[in-house]
Amino acid sequence: MPLGAHKAAIMGVAGVSTADVVLLSDQDASNSANIDFTSDITSTYGEYIFKYYNCNPVTDSAVLQVGFNVTGQSDYNEVITSAAFTAYNTEGGGSTALAYSGDIDLAQTAGPQPLTAAVGNGGDESCVGELHLFNPASTTYVKHFTFRGTHYQAVIILKLF
C-alpha cells in the first residue's frame, strides 16, 4: 500500500516516487523488551527502513540493540562487522566530542549490535533513530546496514563511601 504524495518527503527518502515507499509494518512497543520483524523482509525491495520514535525504556540505562537472523534459525546473533562513531554534547553544553566508539563496534562478532549507550528512563529521556537494511535477500553479497540516531543518556552517579 503506497503511503501517498507527502509521505515520501516525511520519511526522508529522496528521489523516489511515492509508489516506491511502502509501509510494511507498524508496531507499538509499549511495555515491550523486544520487537521482532519476522515477515515482509524479502527480495521485493532493495532497502528496508526501520524508524523508531520516542523510545523511553522502563528501566534506567537500557541499551537499544539490533540483531539479525539470515539463516532461518530462532536466534538473532548473526556475525556482524561494524564501525561506530559518536557525537555528543552535555545537556548544559559544557562538553562536546566526535569520536570513534570502539567499545560498541563489532569485529566478526555474533550480534546484537548496540545502537545506543545507556538510555535513561526519565520523562525527558528517550531515543529516536532509523536503521537502513540493504538487499537482505541477496545470496551473493554480505548484508549492509546503516544506523543514525540520537538519545539522552542516563546519568550514572558513582558513590564512594
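Side notes on the structure shown:
- Only one of the numbered conditions (1) more than 13 Å from the chain's Cα centre (by Cα); (2) among the polar types (S, T, N, Q); (3) in a loop (DSSP other than H, G, I, E, B) is not met by Thr86, and that is (3).
- Any chance Gly129 is buried (at least 16 other Cβ atoms within 10 Å of the Cβ), touching a strand residue (DSSP E or B) at 6+ places or on another chain (Cβ under 8 Å) and modelled with pLDDT under 85: no
- Thr116 satisfies every condition listed in (1) in contact (Cβ under 8 Å) with a residue 60 or more places away in the chain; (2) within 12 Å of the chain's Cα centre (by Cα); (3) outside any strand (DSSP E or B) except (1).
- When each of Asp75, Asp60 is tested for being without any contact (Cβ under 8 Å) to a residue 12 or more places away in the chain, surrounded by fewer than 17 Cβ atoms within 10 Å (Cβ to Cβ), of a type in the set (D, E, K, R) and not in a strand (DSSP E or B), the lone residue that passes is Asp75.
- Some residue of the range 65-72 being more than 19 Å from Gln27 (Cβ to Cβ), in contact with a Leu (Cβ under 9 Å, 6 or more places away or on another chain), surrounded by 13 or more Cβ atoms within 10 Å (Cβ to Cβ) and at pLDDT 85 or above: no
The values are calculated or read from the model by the stated rules, or taken from the named source; none is laboratory data. As the structure is a prediction and not an experimental result, all values here were calculated from the model. For neighbour counting, all protein chains shown are included, and Cβ atoms are generated from backbone atoms with ideal geometry for every residue, glycine included.
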